[in-house]
Amino acid sequence: MMEKLRVAIIGCGGIAFGKHLPSLSRISEVELIVFCDSKKEKAQKAADQYGVANAMIYEHYKELLANESIDVVHVCTPNISHAEITIAALNAGKHVMCEKPMAKSTEEAKAMLAAAEKSNKKLTIGYNNRFRQDSQYLRQVCQRGDLGNIYFAKAHAIRRRAVPTWGVFLDGEKQGGGPLIDIGTHALDLTLWMMDNYEPKAVMGATHHQLGKKENAANPWGAWDPKDFTVEDSAFGFITMKNGATIILESSWALNSLDVDEAKCSLSGTDGGADMKDGLRINGEEFGKLYTTNVDLDAGGVAFYDGETESAADLEARLWIDAIMQDNEPIVKPKEALVVTQILEAIYQSAKTGKAVYFD
């Protein structure tokens, strides 16, 4: 086992400062030695706040990949560059965590997977919602078989109004889409993971660009400019799996609905069901009666002590670093993330053509 892993951060924006940097900085086996951003001042800020002494600053990722002291690269850039940077980093002999979604297209995602297999380096995708307490608990319930065969599910990613107006989120060319590829991807990943089902058969999809056309719209991050809003504001998918299971995926940044949930799923199986709508609820039938169990995820239980819990971001980072140091498979496998990308792409394609997309 290695004693320390030397990590480079490519892209020092919101997701780096909000998730990757704080979590990595709390791991004693990690040294943050390189920071890269096209805006040098952002890289410098990250280095000053989280880097080791004499941390290195780069404005272009190609320059840093020649640095043999780097063990791991975290790709925190817009979607358009995920594949390009990840493949280059893998080819340079680095382990890679790439932020979600895996890529803009299936073709790019497959190329990333091929590069990981060829380089024999580890690749994972930043689906951090798998590491929440409710997700971890529900995964164990599903794996134990408590729900039986899960044949119907819903993947929820609905915001009433929460359009990200900064960065390139509204740029279809750089992001590949709107809420579907941004937050729908989390809900779909969570749902497939719970079902342990990665064999889609067919997809029907619909996208809408309605509220994005409105001027002076209500939005927590300020009104958007309709001219810049080039992606959908909501998208929906109907997915059938090869084993007959059905998944409904719903996503929006702006939708006139009070049924708001994000990065959650509802599951229906032959022996029971579960949802994350009001905390984590498990439902079923026993002794001729129906029951609903609200799972208490509080780590406390002792007076004046709330207990200690590890945040999803911290757990994600720790288990990723452990996978490298102990040479284990990462929790989020690139083959699984590839299927998420395939389904998202199929929803966009179906929405455009009005026809179902079938998988081989």
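Quick grid of which residues meet (1) in a loop (DSSP other than H, G, I, E, B); (2) modelled with pLDDT under 95; (3) open to solvent by less than 50 Å² (accessible area, probe 1.4 Å); (4) among the acidic types (Asp, Glu):
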{"site": "Asp298", "(1), (2), (3), (4)": "yes, yes, no, yes"}
{"site": "Glu310", "(1), (2), (3), (4)": "yes, yes, no, yes"}
{"site": "Ile331", "(1), (2), (3), (4)": "yes, no, no, no"}
{"site": "Lys335", "(1), (2), (3), (4)": "no, no, no, no"}
{"site": "Val339", "(1), (2), (3), (4)": "no, no, yes, no"}
{"site": "Leu344", "(1), (2), (3), (4)": "no, no, yes, no"}
{"site": "Lys355", "(1), (2), (3), (4)": "yes, no, no, no"}
**Report entry** Ile57, sole failed condition from (1) of a type in the set (A, V, I, L, M); (2) more than 22 Å from Glu41 (Cα to Cα); (3) over 20 Å from the mean Cα position of the chain (by Cα)
**Finding:** (2)
**Report entry** Subset of region 106-131 (residues that are under 12 Å from Ala83 (Cβ atoms), part of a helix (DSSP H, G or I) and either open to solvent by 50 Å² or more (accessible area, probe 1.4 Å) or touching a strand residue (DSSP E or B) at 6+ places or on another chain (Cβ under 6 Å) (or both))
**Finding:** Glu107, Glu108, Lys110, Ala114, Ala116
Query raised in the report: Which of the residues belonging to region 8-41 are part of a helix (DSSP H, G or I), of a type in the set (D, E, K, R) and open to solvent by 60 Å² or more (accessible area, probe 1.4 Å)?
Result: Lys40, Glu41
Query raised in the report: Within the set of pairs 6 or more residues apart or between chains, which connect a residue that is of a type in the set (D, E, K, R) inside region 329-353 to a residue that is open to solvent by 50 Å² or more (accessible area, probe 1.4 Å) and not in a helix (DSSP H, G or I) with Cβ atoms less than 9 Å apart?
Result: Glu345/Lys104; Lys352/Thr207
Report task. Sort out which residues of region 156-208 are assigned to a helix (DSSP H, G or I), open to solvent by 10 Å² or more (accessible area, probe 1.4 Å) and among the hydrophobic types (A, V, I, L, M, F, W, C), and write them in order of number. Result -> Trp193, Met195
Query raised in the report: If only one of Gln44, Gln49 is without any contact (Cβ under 8 Å) to a residue 24 or more places away in the chain, of a type outside the set (Gly, Ala, Ser), more than 23 Å from Tyr127 (Cα to Cα) and assigned to a helix (DSSP H, G or I), which one is it?
Result: Gln44
Query raised in the report: Could you list, in sequence order, the residues of region 52-101 that are among the charged types (D, E, K, R) and either open to solvent by 10 Å² or more (accessible area, probe 1.4 Å) or part of a strand (DSSP E or B) (or both)?
Result: Glu59, Lys62, Glu63, Glu68, Asp71, Glu84, Glu99, Lys100
Requested in this report: Kindly indicate whether Thr240 is part of a strand (DSSP E or B) and open to solvent by 90 Å² or more (accessible area, probe 1.4 Å).
Outcome: no
Requested in this report: Quick one: which residue in Ser251, Ser268, Ser257 is touching a residue at least 40 places away in the same chain (Cβ under 8 Å), open to solvent by less than 20 Å² (accessible area, probe 1.4 Å) and hydroxyl-bearing (Ser, Thr, Tyr)?
Outcome: Ser251
Query raised in the report: Conditions: (1) in contact with a strand residue (DSSP E or B) (Cβ under 6 Å, 6 or more places away or on another chain); (2) closer than 29 Å to Glu250 by Cβ. Lys355 meets all but one. Number of the miss?
Result: (1)
**Report entry** Sole exception among (1) surrounded by fewer than 24 Cβ atoms within 10 Å (Cβ to Cβ); (2) hydrophobic (A, V, I, L, M, F, W, C); (3) farther than 16 Å from Met102 by Cα for Phe229, by number
**Finding:** (1)
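The values are calculated or read from the model by the stated rules, or taken from the named source; none is laboratory data. Values in this document were obtained by computation on a predicted structure and should not be read as measured data. In this analysis, Cβ positions are derived from the backbone assuming ideal geometry, glycine residues included, and neighbour counts consider all displayed protein chains. Heads up: the accessible areas ignore ligands, DNA and RNA and are worked out on the full protein's heavy atoms, side chains in. Shrake-Rupley method; radii C 1.70, N 1.55, O 1.52, S 1.80 Å.
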